[in-house]
Amino acid sequence: MDRRSFLATATVSLLAPAGYSRTSRALNSDPFTLGVASGDPSTDGFVLWTRLALDPLGGDGRGGMPSHDVPVDWQIAADERFTKIVRSGTATARPAAAHSVHVEVRGLDPGRDYFYRFRSQGRVSPAGRTRTTPVGARPLSFAVAACAHYEHGYYTAYRRLAEEEPELVVFLGDYMYEYGPRGYTALAGQVRTHTPGKCVTLADYRLRHAQYKSDPDLQLAHATAPWLVAFDDHEVENNWAGPVSSTGAPAFDRRRADAFRAYYENMPLRRASVRGAALRVNRRVSWGSLARFHLLDTRQFRDDQACRDGVRAGCDERLDTGRTLLGAAQWRWLEEGLRGSTTRWNLLGQQIMMAHRDFKAGPGREVNMDSWDGYAAERTRLLGSLAATANPVVLTGDAHMHHLSDLKADFDDPGSPVIAKELVTSSIASDGDGYRDHRRIAEALSENRHISYIDQRRGYITAKLTHDDLSVAFRTLEYVSRRGARARTAHRLTIPATPEPRT
Ligand code: FE
Ligand code: CA
């Protein structure tokens with residue numbers, strides 16, 4: 001299969017074989033303005049997603065769609081020209097789901113690529129490529145990304161990520177931001193403008209997702225590979241914690257439920273993730289016998305941040321042994337999943353920095369109460385579990401900077417053994433172009449000896465996983481305030497597998 005030729009056609013509708021004729025109507029009659037996506041692959045299937053919107057930025061969040069059901073045909077082919085159709089069917093796009101469809105496919109062959117597309121109202125969608133997971137220990141190339149503030153930059157990093165054609169994309173939160181126009185410009189300029197108002201209502205969240213999904217670079221990244229997605233805070237509200245709004249927002253339970261609903265409507269998630277007003281994104285996805293991804297939710301079940309949140313010194317509350325980040329049920333689920341794992345590698349995909357980070361140069365210590373430093377006792381317990389797990393690696397978002405860290409039982413003790421590496425991906429766009437302040441980076445590294453690399457430029461991580469090792473490339477872009485930046489490897493490392501769990 002010629003992968004390059006697929007990419008060349010991925011953002012436009014494919015040629016129209018197999019009975020799908022692409023009719024030409026008025027420009028605004030195309031309902032596939034938000035692209036297509038796939039996610040959560042298994043050995044015999046995956047979930048396919050699209051959401052119909054004739055007018056994505058229509059102010060009521062309904063995308064200019066009628067208030068009745070719309071049928072959506074779907075096709076899965078073994079080849080990119082859709083000459084070998086292996087499955088097809090018709091889904092229903094309902095107004096109550098913002099005319100999104102989630103097709104869960106089963107019964108396909110393991111370990112192979114598939115191509116998919118939709119047809120509705122006489123129009124054919126762009127085609128996407130996805131794949132089932134293999135049986136056995138076949139190597140895996142994957143990418144890790146997070147944090148894509150739309151106002152702060154173009155999504156060139158998504159395009160570069162897509163061009164590398166990873167087999168899987170792990171997205172670790174802040175897919176969209178809830179702020180109104182210019183609601184958060186701290187470190188960045190503004191290259192684009194959010195939809196009006198901060199997101200509060202269901203219509204607000206739907207409209208914001210539609211704005212993000214309208215981006216062609218984002219659409220390309222989704223069409224290229226299946227994604228594993230998990231939200232962090234900004235898909236709802238900055239630094240929310242369980243039932244607690246960080247701003248004391250009224251009726252936060254309702255707002256959170258609406259934000260979850262819009263998130264589900266716009267993501268390639270399985271129906272089982274919807275649990276009433278809650279959304280379950282902690283889940284496991286295995287790549288044959290090679291790796292198991294344990295995706296965590298470090299937001300929905302956590303205790304409120306200690307000492308009124310922020311980066312601060314002298315907070316004993318953060319050390320309380322009763323504090324939880326994962327919540328009791330997810331903790332049990334994770335423990336079982338780690339203990340029961342039989343794969344060579346165990347990759348935790350989660351949102352916030354797990355390594356300790358002291359932000360204060362010299363004597364004294366200041367830590368981020370929103371990260372694992374604010375839940376230190378549970379971190380110690382988790383690291384104890386990881387020490388007995390086969391080849392654990394932690395993948396993290398949130399920080400808007402690449403970090404490479406050693407996770408240790410005692411971060412203050414240089415002799416404390418390394419339990420796992422933590423790979424923190426920088427942001428796709430959040431905080432704009434970024435910078436390289438060598439003095440500040442050197443200071444941060446010398447203050448935190450377990451951290452060996454920090455980079456404040458935009459980017460993502462690519463990785464190649466085999467039975468023997470995990471080779472990692474921290475990719476960076478020089479700018480996102482204009483289009484066209486190349487991606488370069490700013491740092492790389494290879495993590496060898498150890499033969500047996502370190503018990
Ligand atoms: Fe972020
Ligand atoms: Ca210090």
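The values are calculated or read from the model by the stated rules, or taken from the named source; none is laboratory data. Just so we're clear, the structure is a prediction, and the values are computed from it rather than from any experiment. FYI the Cβ positions are ideal-geometry reconstructions off the backbone, even for glycines, and counts take in every protein chain you see.
Looking at 357, 365, just one residue is surrounded by 21 or more Cβ atoms within 10 Å (Cβ to Cβ), within 16 Å of ligand 2 (Cβ to nearest atom) and part of a loop (DSSP other than H, G, I, E, B), and that residue is 357.
When the residues of the range 340-354 are filtered to those that are small (Gly, Ala, Ser) and under 11 Å from residue 293 (Cα atoms), which remaining residue is nearest to ligand 2 (Cβ to nearest atom)?
Restricting to residues being small (Gly, Ala, Ser) and under 11 Å from residue 293 (Cα atoms), the top hit is 349.
Just one residue in the set 208, 261 is crowded, with 19+ Cβ neighbours inside 10 Å, modelled with pLDDT of 95 or more, closer than 30 Å to residue 156 by Cβ and basic (Lys, Arg); that residue is 208. Listed by position, the strands (runs of 3 or more DSSP E) enclosed by the range 82-171 that each have at least 2 residues that are of a type in the set (Val, Ile, Thr), modelled with pLDDT of 95 or more and away from ligand 1 (no atom under 16 Å from the Cβ) are 85-93, 100-105.
All of 370, 398, 410 fail the test of being away from ligand 1 (no atom under 16 Å from the Cβ), acidic (Asp, Glu) and not in a strand (DSSP E or B), apart from 410. Looking at the range 470-481, is at least one residue assigned to a strand (DSSP E or B), at pLDDT 95 or above, of a type outside the set (A, V, I, L, M, F, W, C) and buried (at least 21 other Cβ atoms within 10 Å of the Cβ)? Yes, that holds for at least one residue.
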